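Asker: This is the structure, below, for whatever I ask next.
No lab work stands behind these numbers, since they all come straight from the coordinates. In this text, all values refer to a predicted model and were calculated from it rather than measured experimentally. Cβ atoms come from the backbone with ideal geometry, glycine included; neighbour counts cover every protein chain shown.
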């Protein structure tokens with residue numbers, strides 16, 4: 001519509017310019033007594049003609065604005081899709097350590113890895129699964145299998161991965177560690193890690209907002225479009241934008257659910273699997289360990305002695321020895337001089 005309006009206005013201006021030119025031509029070919037009066041009128045007409053025929057710079061911008069809006073279709077790269085589904089949403093209070101700092105909520109994903117030794121891995125596996133349900137979480141995966149000890153005995157072992165609300169992470173870990181017979185020796189390893197995804201989460205929300213605005217603009221453009229090819233072009237862009245919106249929503253949901261539900265991976269071993277090798281009451285592994293420790297202690301003693309000798313004994317010995325040696329030489333030189341003075345000269349025999 002804007003283009004048609006511009007074409008109409010341009011045609012009218014051209015007609016007006018032609019009319020002014022004809023009038024100017026008629027005035028220039030006529031002579032006589034009205035020449036002076038017409039000359040002033042012609043100057044005014046020429047000035048107005050140049051003003052009317054001058055090109056407008058603002059109208060093309062208006063004409064192209066609609067086309068620019070139609071061509072505008074920002075492209076956003078899709079984010080990775082979530083790998084695990086979780087039942088609760090972000091509405092819970094355990095959104096994994098969200099704190100307000102400078103007006104920005106921190107979104108932290110916390111996970112834990114635990115390795116323990118128990119008498120009955122199968123029973124412990126079931127107890128951990130029950131604990132996850134009790135904490136309003138769920139079991140992601142579990143595996144019960146058999147392994148062979150260094151003594152050649154087959155014993156059971158298990159792995160289990162659970163998700164629990166983030167605010168229950170520490171309490172759940174304490175409950176699991178309480179299942180071992182001896183917390184000093186049967187907790188083989190423990191690791192708790194946190195990943196701050198605040199920046200990624202904020203960026204995804206900003207991209208989602210921009211894509212939703214673009215979707216609304218494309219919908220309005222498609223409603224106003226009349227040509228079939230224009231409708232198809234806008235529809236294809238609209239489908240692409242909606243796909244990106246769905247991908248970003250999935251990534252946002254994954255971050256929210258991962259922060260709300262912490263993951264705990266537990267490796268369960270049998271106590272028989274970690275016992276040292278024993279042959280008729282003799283434990284060669286323990287003896288070898290003691291011998292190796294004694295060797296390390298001896299090497300450590302020799303290394304410490306060498307360091308003390310190089311950095312303490314030698315410098316201090318030189319500081320003490322050099323002045324004493326100098327004094328001793330002076331004393332010996334003085335004694336030799338006194339002996340030489342006390343000995344009487346020997347007269348040669350007379351013939």
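Asker: Once both labels are modelled 7 Å past Cα along the beta-carbon direction, what's the residue 338-residue 232 spacing in nm?
Answerer: Inter-label distance under the simple model: 12.6 nm.
Asker: Follow-up. Can you tell me which of 156-166, 136-146 comes out highest on packing, and rank the rest after it, using the mean Cβ neighbours within 10 Å? List each step's numbers first, then the result.
Answerer: Values: 156-166: 21.4, 136-146: 14.1.
Ranked by mean Cβ neighbours within 10 Å, highest first: 156-166, 136-146.
Asker: Could you give the length gained by full extension between residue 316 and residue 130, i.e. 0.36 nm per residue of separation minus their alpha carbon distance, to one decimal place?
Answerer: Working: separation 186, 0.36 × 186 = 66.96 nm, distance 6.95 nm.
Full-extension gain reported as 60.0 nm.
Asker: Any idea how far apart residue 177 and residue 210 come out in nm if each label point goes 7 Å out from Cα toward Cβ?
Answerer: It works out to 4.5 nm between the two label points.
Asker: Would you mind calculating the relative contact order of the stretch 90-277 from Cα pairs under 8 angstrom and at least 6 residues apart, reporting the percent as a whole number? Mind dumping the intermediate values first?
Answerer: Details: 311 pairs, mean separation 76.4, N = 188.
That works out to 41 percent.
Asker: Right, something else. Pull out the extension gain between residue 224 and residue 328, defined as 0.36 nm times the separation in residues minus the alpha carbon to alpha carbon distance; nm, one decimal. Provide the component values of the computation, followed by the final result.
Answerer: Working: separation 104, 0.36 × 104 = 37.44 nm, distance 11.42 nm.
Here the segment from residue 224 to residue 328 would lengthen by 26.0 nm.
Asker: What spacing in nm lies between the two simple spin-label points modelled at residue 249 and residue 195, each 7 Å away from Cα in the Cβ direction?
Answerer: With each label placed 7 Å out from Cα toward Cβ, I get 2.4 nm.
Asker: Now for a different question. Expressed in nm to one decimal, what extension gain is obtained for the pair residue 217 and residue 148 from 0.36 nm per residue of sequence separation less their Cα-Cα distance? Write down the numbers at each step before the final one.
Answerer: Working: separation 69, 0.36 × 69 = 24.84 nm, distance 6.57 nm.
18.3 nm is the gain from fully extending residue 217 to residue 148.
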